[in-house]
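Reviewing the structure listed below.
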Amino acid sequence: MSPTANSTDTKIPLSDTTVTRKPKDYKSSVSPIWCAGCGHYSVLAALTRALAELKLMPENVAVISGIGCSSRLPAYTRLFGFHGVHGRALPVAAGLKVARPDLTVIAVGGDGDGFSIGGNHFLHACRRNINFTYIAMDNEVYGMTKGQASPTTPSDWDHSKLTPHGTGIPALQPASLALGAGAGFISRGYFGDPKQLTNLIIDAIQYEGFSFVQALSQCVTFVPEQKHWKERVHPFNSNDISDPAHTAADIQRDDGFGLGQIYRHERPAWVPTHHDPDNTKSTLEVMEKTFCI
Amino acid sequence: MSSASVSIAIAGYGGTGVITTGQLLLTACTKSGYFGLAQRSFGPQIRGGESLSLLRFSTQQVLSADDTYKLLVLLDTDHVDRFSAEVPLDKNSLVVIGKNDAGVPDFVEKSGAQVIHIPLEKLASETSDGGENIVTAGLLACYLGIEKSVIRTVLNDHFKEKPSLLEQAKQWLETGWNCAISAPDRLDIALSDATQKGPNWLVNGSEACGYGALKAGIRFVAAYPITPASGVLEWLAPNIEELGGSLIQAEDELASINMIIGASFGGIPSLTATSGPGLALMSESIGLAVASETPLVIVNVMRGGPSTGIPTKSEQSDLNIALHGLHGDAPHLVTAMLSIADSAFTTGWSVFLAEHLQVPVITLSDQSLAQSDASITQPDLWQLQPERLTAPHSDAPYDRYALTESGISPMSIPGDEDMMYVADGLEHNAHGTPSAASEMHASQLSKRAHKLSDYDYGEYWAEINGEGSHVIICWGSVSSVAKEAAGRLTASGTPCKVIALRLLAPLQVDAILAALQGAEHIVVVEQSHGAQFMAWLRSHIDFPCSAKSLSIAGPLPIRPSHIIDSLMQTESPAQEIEHVANC
């Protein structure tokens, strides 16, 4: 197809409900570089299962990433993808979605990519509320560079040669940050519960606006103790996920392992103001006339 | 006695509105059939600092400042030392001091210029305080020989949006006009009759750049505010909407460059505009666009550097970062706008090249172009729409980075059935799958280089004017100065040629050497301290004769006389780089 800029009329359907789709329809034949037992396999599986359940046509989905183990994900899909530079997945996704609102856009990446080098973009994606989904695969460590502390690493984790005494800095709370920055959809899934994670991703994609899924995804190589996460996860405890004041308190009371929908608030997704010109040539001529004497 | 060209500077402090005076006079002269140029110079203050309107009116098209000013109007004499160097005066100059109690500044005294006291402030206050800039417009319009009805109409148009001020403004204008009538011989600045066909466009460099972008097909812009690039963005914001496109104000330049990468990946021709500090922040991601072969246009409006430098004043010192700022072997295009008039064409051509060659194009403007208005003959515009090589649907696996003869690979866009691929900054094979294999690296590096080096850029790589054994080589905004210098030299019996480069990378070596045939004296002109352009030329070209470097740092403009002096000073040792101190 040949899109016109920002065309909102979708000439081709985004999904085809007449066809049965399987997760493998969305997977490429490229073998992941991930270690055996890496949580990211499960996130990839949940993502492809979500796309299959939504019956989205692969060519209408774009997966955007930065740098890191999890950011390798687009190559393992049979979708359009952009594997960019470290920390910048969210602006690439934002630009693509604004220019091509007909597409389903999903940004993926790790905790270092999203909350450290790309932290500013995370804040502004939350407040800008462009309609795309961000799945942050959080394993509390930089895996690709061989095991350094990330913003979500506990302050006393002293297994990195770079911070031999631990970071001494409290771990960042992505959900709290997202809420403060104005995100309308905040959820947390766990690689060990792929069914719930799939459902959270489906909800996120269907949400009209910026949707944030923090996917706890273990690093077997550098933080093997994360295998005990399965004993720590629990449903996120809240009796009102639509009230930001409530949610702020709920997030603070939570230990970071509460799973499920954390916050949901419907507000219009941001779309730029523009007009579909009847005639580009005459619109340009009008502009040119402003220079004429 | 009337003149074919008159240069006037009007200086004020504390929000006296001298830029408005300049705009009124430029519009009035333009409507009277004269060509004109209105440059601006500001201090660093957000409001109320010193500001300078630098005007030149002529019977011919003029796109550069002259050597000296015939007239300087000082509405205020506070802090004149801050801009005195920007207004060269000589004994033929006239200086009007518009404040009753103000003394004659030292630099005026030293120049030998004739000082004339006209109580502009007091004249304005007869109506009400604060209108001395409009009084000045009336005064100067009369002395320039503009019809009274013309300047009146221009004033009416200017105050269309502020009708409550119009009556007052009319009185101020009248006061200024009558003041001139009462002493008709006081200021000898009358313009000769506008005989030839006058200008038909009044535009500034930012508008021309923005219009060139939209006309050539740009429909997505993301950018972060920065001086002096914001004017391009502020023009684009309302206009791109009218064409169904979008502009996003990003959170920083890291975001803006990546937003346009995303939009371009989506098939929409995309652009950002920034200045040196922003370009530095974007460098990593411009490299991503090189590796992923994503078409982009980056307009870089240069200002004094390095670091925060001199944000409000012009310099051509971002050439090095534009050429060399990317890590790895990252071939890309660097183009330059040669004048206010050329800004639309060069931007349009840059859009076309980016899309056609699937490459980022850094196109260089500068403060002296982007923040100046000029009345001109409508310039040539780039006429073609972007033609990105699309990928035809095929059942065979789609290789996004297929090795082709031209090096340009067909590019699918999201939505193309069965044509999915992952764009990647990692080195990749022809399909797009990451690969660290040496042969993949070699073949992909080679395709990305030769798609640019083998392309035929046609005649657009430079503007070449005149013939002669004296040759000026230049680029960007100094080209207009060079053309004026060459015109004067040719008229005085030294035929002179100007080679003004619009395409800086890849450097068109064979074409430059062909253009240099017969050259016996060469001067390479640029506005940088480090002779960046000279170094770039020397790294590729053996000049056929001695070549001098005239390399002057900003913020002061290079003037025609600098170039003439440098070219005609034959005693300088050959091949010696001559830095002209900026004092």
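The values are calculated or read from the model by the stated rules, or taken from the named source; none is laboratory data. Please read all numbers here as calculations on a predicted model, not as lab measurements. Counting neighbours? That spans all protein chains shown, and the Cβs are built from the backbone with ideal geometry, glycine included.
Some points to look at:
- Qualifying position, being modelled with pLDDT of 95 or more and either in contact with a Phe, Trp or Tyr (Cβ under 9 Å, 6 or more places away or on another chain) or not in a loop (DSSP other than H, G, I, E, B) (or both), among A:PRO151, A:PRO170, A:PRO164: A:PRO151
- Evaluating B:ILE151 against the criteria (1) out of contact with any Phe, Trp or Tyr (no Cβ under 6 Å at 6 or more places or on another chain); (2) at pLDDT 95 or above; (3) assigned to a loop (DSSP other than H, G, I, E, B) leaves one unmet condition, (3).
- Residue count for the range B:422-466, restricted to those that are buried (at least 20 other Cβ atoms within 10 Å of the Cβ), in contact with a Phe, Trp or Tyr (Cβ under 8 Å, 6 or more places away or on another chain) and among the hydrophobic types (A, V, I, L, M, F, W, C): 2
- Entry remark, the range A:168-207: residues being out of contact with any strand residue (DSSP E or B) (no Cβ under 9 Å at 6 or more places or on another chain) and either among the basic types (Lys, Arg) or within 23 Å of A:LEU103 (Cβ to Cβ) (or both) number 3 in total.
- Of all residues in the range B:427-438, those satisfying the criterion of being without any contact (Cβ under 8 Å) to a residue 24 or more places away in the chain and either of a type in the set (Asp, Glu) or facing chain A (nearest Cβ under 7 Å) (or both) are B:THR433, B:PRO434.
- Unique residue being in contact (Cβ under 8 Å) with a residue 24 or more places away in the chain, within 19 Å of B:LEU187 (Cβ to Cβ) and touching a Pro at 6+ places or on another chain (Cβ under 7 Å) when the list is B:THR21, B:THR30, B:THR77: B:THR77
- Any hit, the range A:246-260, residues being in a helix (DSSP H, G or I), at pLDDT 95 or above and small (Gly, Ala, Ser): yes
- For first residues located in the range A:276-288 and hydroxyl-bearing (Ser, Thr, Tyr), partners that are surrounded by 10 or more Cβ atoms within 10 Å (Cβ to Cβ) and lie 6+ apart or on another chain with Cβ distances below 7 Å form the pairs A:THR280/B:LEU243; A:THR283/A:PRO277; A:THR283/B:GLU242; A:THR283/B:LEU243.
- In a residue-by-residue description of the range B:119-133, the property of being part of a helix (DSSP H, G or I) and among the hydroxyl-bearing types (Ser, Thr, Tyr) applies to at least one position.
- Residue in the range B:318-330 that is surrounded by 20 or more Cβ atoms within 10 Å (Cβ to Cβ) and polar (S, T, N, Q) present: no
- For the range A:273-282, the criterion of a residue being in a strand (DSSP E or B) and under 30 Å from the mean Cα position of the chain (by Cα) is satisfied by no position.
- Hits in the range A:85-121 (condition: surrounded by fewer than 24 Cβ atoms within 10 Å (Cβ to Cβ), within 10 Å of chain B (Cβ to nearest Cβ) and assigned to a helix (DSSP H, G or I)): A:ILE117, A:ASN120
- Those residues of the range A:258-275 which are touching a residue at least 12 places away in the same chain (Cβ under 8 Å) and farther than 18 Å from A:ASN199 by Cβ, in sequence order: A:HIS265, A:GLU266, A:ARG267, A:PRO268, A:ALA269, A:TRP270, A:VAL271, A:PRO272, A:HIS274
- Within the option set B:SER375, B:SER339, being surrounded by 23 or more Cβ atoms within 10 Å (Cβ to Cβ) and away from chain A (no Cβ under 11 Å) holds for one residue only, B:SER339.
- Count - residues of the range B:97-136 that are surrounded by 20 or more Cβ atoms within 10 Å (Cβ to Cβ), of a type in the set (Ser, Thr, Tyr) and free of Cβ contacts under 8 Å to residues at least 24 places away in the same chain: 1
This table checks each residue for (1) modelled with pLDDT under 95; (2) away from chain A (no Cβ under 14 Å); (3) closer than 24 Å to B:PHE352 by Cβ; (4) buried (at least 22 other Cβ atoms within 10 Å of the Cβ).
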{"site": "B:GLY231", "(1), (2), (3), (4)": "no, yes, yes, no"}
{"site": "B:GLN249", "(1), (2), (3), (4)": "no, no, no, no"}
{"site": "B:ILE260", "(1), (2), (3), (4)": "no, no, yes, yes"}
{"site": "B:PRO269", "(1), (2), (3), (4)": "no, no, yes, yes"}
{"site": "B:THR274", "(1), (2), (3), (4)": "no, yes, yes, yes"}
{"site": "B:THR294", "(1), (2), (3), (4)": "no, no, yes, yes"}
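- Complete set of residues in the range B:492-511 that are without any contact (Cβ under 8 Å) to a residue 40 or more places away in the chain and either among the hydroxyl-bearing types (Ser, Thr, Tyr) or part of a helix (DSSP H, G or I) (or both): B:SER492, B:VAL509, B:ASP510
- Qualifying residue in the range B:277-291 (condition: crowded, with 24+ Cβ neighbours inside 10 Å, free of Cβ contacts under 8 Å to residues at least 60 places away in the same chain and at the interface with another protein chain (Cβ under 9 Å from one of its Cβ atoms)): yes
- For the range B:393-430, filtering for residues that are over 24 Å from B:ASN258 (Cβ atoms) and either at pLDDT below 95 or of a type in the set (Ser, Thr, Tyr) (or both) leaves 10.
- Filter result for B:ALA449 (in contact (Cβ under 8 Å) with a residue 60 or more places away in the chain, among the hydrophobic types (A, V, I, L, M, F, W, C), under 19 Å from A:VAL30 (Cβ atoms) and not in a loop (DSSP other than H, G, I, E, B)): no
- Across the range A:237-293, the qualifying residues are those that are closer than 27 Å to A:SER217 by Cβ and of a type in the set (Lys, Arg), and the one among them that is nearest to the other protein chains (Cβ to nearest Cβ) is A:ARG264.
- Any hit, the range B:201-210, residues being more than 23 Å from B:ILE268 (Cβ to Cβ), crowded, with 22+ Cβ neighbours inside 10 Å, away from chain A (no Cβ under 14 Å) and modelled with pLDDT of 95 or more: no
- The set of residues from the range B:534-563 being in contact (Cβ under 8 Å) with a residue 40 or more places away in the chain, surrounded by 23 or more Cβ atoms within 10 Å (Cβ to Cβ) and touching a helix residue (DSSP H, G or I) at 6+ places or on another chain (Cβ under 6 Å) comprises B:ILE558, B:ILE563.
- Counted residues, the range B:137-194 - those being among the basic types (Lys, Arg) and within 18 Å of B:VAL6 (Cβ to Cβ): 1
A quick yes/no check of all residues on (1) within 21 Å of A:THR104 (Cβ to Cβ); (2) within 14 Å of chain B (Cβ to nearest Cβ); (3) in a helix (DSSP H, G or I); (4) at pLDDT below 95:
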{"position": "A:THR20", "(1), (2), (3), (4)": "yes, no, no, yes"}
{"position": "A:ASP25", "(1), (2), (3), (4)": "yes, yes, yes, no"}
{"position": "A:PRO32", "(1), (2), (3), (4)": "no, yes, no, no"}
{"position": "A:ALA36", "(1), (2), (3), (4)": "no, no, no, no"}
{"position": "A:GLU59", "(1), (2), (3), (4)": "yes, yes, yes, no"}
{"position": "A:ALA75", "(1), (2), (3), (4)": "yes, yes, yes, no"}
{"position": "A:GLY81", "(1), (2), (3), (4)": "yes, yes, no, no"}
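- Residue check for A:GLN252: under 25 Å from A:GLN148 (Cβ atoms), of a type in the set (S, T, N, Q) and under 23 Å from the mean Cα position of the chain (by Cα): no
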